[in-house]
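What follows is a single structure, written as structure tokens, with notes after it.
The values are calculated or read from the model by the stated rules, or taken from the named source; none is laboratory data. Please read all numbers here as calculations on a predicted model, not as lab measurements. Cβ: placed from backbone, ideal geometry, glycine included. Neighbour counts: every protein chain shown. Areas reflect the complete protein model, heavy atoms only, side chains present, ligands, DNA and RNA absent. Shrake-Rupley method; radii C 1.70, N 1.55, O 1.52, S 1.80 Å.
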Amino acid sequence: MEAARDSMAALLDAGIFDSAQTLGCFLVSSGGASNEASISMKAESLVLHGDALYGEKEFRRALNAYKQAMQCSKSIPRQATSTARISVSTTGRSPSPNSSNVMPFNENEVKSKIAICHSALHEYREALQEMEGIPSKMRNLKMNLMLGKLYRISRNNRAAAICYKECLRQCPYVFEAIAALAEMGLSSKEFSLLFAQAPNRGGKPPGDFLDAQRWWNRYVEAQCCIASHDYKGGLDIYLELMQRFPNNVHILLEIAKVETIIGKNEEAIMNFEKARLIDPNIMAYMDEYAILLKLKSDYTKLNKLVHDMLHIDPARPETCIALAAFWERKDERKALTYAEKSLRVDDRHITGYIMKGNLHLSLNRPDLAVTDFRGAQELRADLRSYQGLVRAYLALSKCKDALFTAREAMKVMHQSAKALKLVGDVHAISSSGREKARKFYESAIRLEPGFLGAALALADLHVAEGRNKEAVLLLERYLRQWADDSLHIKLAQVFAATSLLSDALSHYQSALRINPHNEAAKKGLERLEKQMKGVDPDAPEDEDENEADDVDGDQDDAELL
């Protein structure tokens, strides 16, 4: 069966896993003598069969094949297996057998494959046990990276950091290790020491090495800034790197992701669109882009994005989140099923927890939302998870928990206007806390004058205390510098509340000129027109109108499909 084994190795190298696993069934069931060579060949055949099953994403069957191979290897004398430990092919599989030698068996490589299968099945404890069974001196780059991830999942950050550092000593361009170590608090200086320890592959000239180190150091500094919530510092460095590497899709997406977190939605949308122009099949962070389009009520672009993502890869968690964003307007429960599906695909997908938490809030289940936002924070705390937690606690009337969470955000995110506003939001809930809320909102505005969220919240506070004139003056002052649809909508609401209906009408129309898709402006305008006609805007609509709305919804569904 030696020729068949060689053919199976060729099938695996070519990625023809279906035929490889069928051939594997013949190899592993082949009878023969029970001598040392045949047992070794059986073990090797089981490993190859496991590789084919893994390629077909049949992880449980692959796991069983690898474990059988390990069981077989125990029958092989130590002399034979010791040869195997130093004999590993460049593809990560043991070399194909030949007639003159005992088949080599790499026990550590198979342990690594068993761990990868356990990890694919979300059995992280079992995966960690297998990886820890590999001696540290025998671990290659891939094994160290895998072990670092598993230690991090088990919250053993100290052990994870050791593995990630070893990855960077072997190759400084393991960007997953860079991001993880930055989040664990490694300084830029410590990163530079690791870069210096990395081998100079191919004996590159000193100038080339120094150039690589310069941009690598700047990239690391950006990661460290963002991990410590210094978003402005991180953005500045990324923009500098864009000058050195124009049209770099990865940097564009990183910029857009940070802009999303800090609420610069228009800039983020623009950068996501730039990335898609360069690479129309990009999937990373496209769920974030989908959420922004939903917030903007740009359902035409959202529909197109979801259609494209379904065509590229319907099984990705990003696709599930994009579908959740699409369905949220029409069927929140259906949107929730897609958010849950994204976490079944990848239980460490942070955006999945954020989306699920926001949907639970919309469905009036703040208790479940708390669990979702906590799940996001355990993976990586950012502004959105803090904002979600505060909203959930306030919905549960747990004002102390909400205040504690908002203050925690303020401590973690130094000099963050968004965190200051979050504390103000908690104080604004009670009439006794409004003065404190006002101070926090004003501090947020002083810190970041262009932060419209704080200005809108302060305007709401003025209205709540009957200071409508102050609210109008504040919003008009902002409008002179920023032509934003949310400012026009807030002004329209203030004017409508004070019966200045023509002024309210003008601002709703201005909001729709800026953003024709704005749902809040459309609903506000519809309500205002009823008021101007002397009709009660809260009166139930006729059944015919409701039926017409349903027809429109059906047309939208058909368009997506």
Selection from the stretch 258-273 of residues at pLDDT 95 or above and charged (D, E, K, R) yields Glu273
Listed by range, helices (runs of 4 or more DSSP H) wholly within the stretch 279-342 having at least 1 residues that are modelled with pLDDT of 95 or more, open to solvent by 10 Å² or more (accessible area, probe 1.4 Å) and over 17 Å from Thr260 (Cα atoms) are 299-312, 317-328
Listed by range, helices (runs of 4 or more DSSP H) wholly within the stretch 166-266 having at least 2 residues that are surrounded by 13 or more Cβ atoms within 10 Å (Cβ to Cβ) and among the β-branched types (Val, Ile, Thr) are 206-227, 249-261
Reported set for the stretch 364-399 where residues are in contact with a Pro (Cβ under 9 Å, 6 or more places away or on another chain), of a type in the set (Gly, Ala, Ser) and open to solvent by less than 30 Å² (accessible area, probe 1.4 Å) is Ala392
Going through the stretch 307-342 in order, the residues found to be closer than 17 Å to Leu361 by Cβ and hydrophobic (A, V, I, L, M, F, W, C) are Ile321, Ala324, Ala325, Trp327, Ala335, Leu336, Ala339
If we ask which residues in the stretch 106-155 are closer than 22 Å to Leu46 by Cα and not charged (D, E, K, R), their number turns out to be 18
The residue that is farthest from Gly185 (Cα to Cα), considering only those in the stretch 381-408 that are among the aliphatic types (A, V, I, L, M) and in a loop (DSSP other than H, G, I, E, B), is Leu396
Before we move on, is Ala339 in contact with a Cys (Cβ under 8 Å, 6 or more places away or on another chain) and of a type in the set (A, V, I, L, M)?
yes
- If we scan the stretch 66-73, do we find a residue that is closer than 13 Å to Ala9 by Cα, surrounded by 24 or more Cβ atoms within 10 Å (Cβ to Cβ) and modelled with pLDDT of 60 or more? no
Here the residues within the stretch 506-561 that are within 25 Å of Asp308 (Cα to Cα) and either open to solvent by 90 Å² or more (accessible area, probe 1.4 Å) or at pLDDT 70 or above (or both) are Asn515, Pro516, His517, Asn518, Glu519, Asp554, Gln555, Glu559, Leu561
Requested in this report: Answer yes or no as to whether Arg276 is surrounded by fewer than 20 Cβ atoms within 10 Å (Cβ to Cβ), closer than 30 Å to Leu310 by Cβ and not polar (S, T, N, Q).
Outcome: yes
Do we find that Asp382 is farther than 25 Å from Leu181 by Cα and of a type in the set (Asp, Glu) in this structure?
-> no
For Pro104, indicate whether it is surrounded by fewer than 18 Cβ atoms within 10 Å (Cβ to Cβ), of a type outside the set (Gly, Ala, Ser) and either touching a Ser or Thr at 6+ places or on another chain (Cβ under 7 Å) or modelled with pLDDT of 90 or more (or both). no
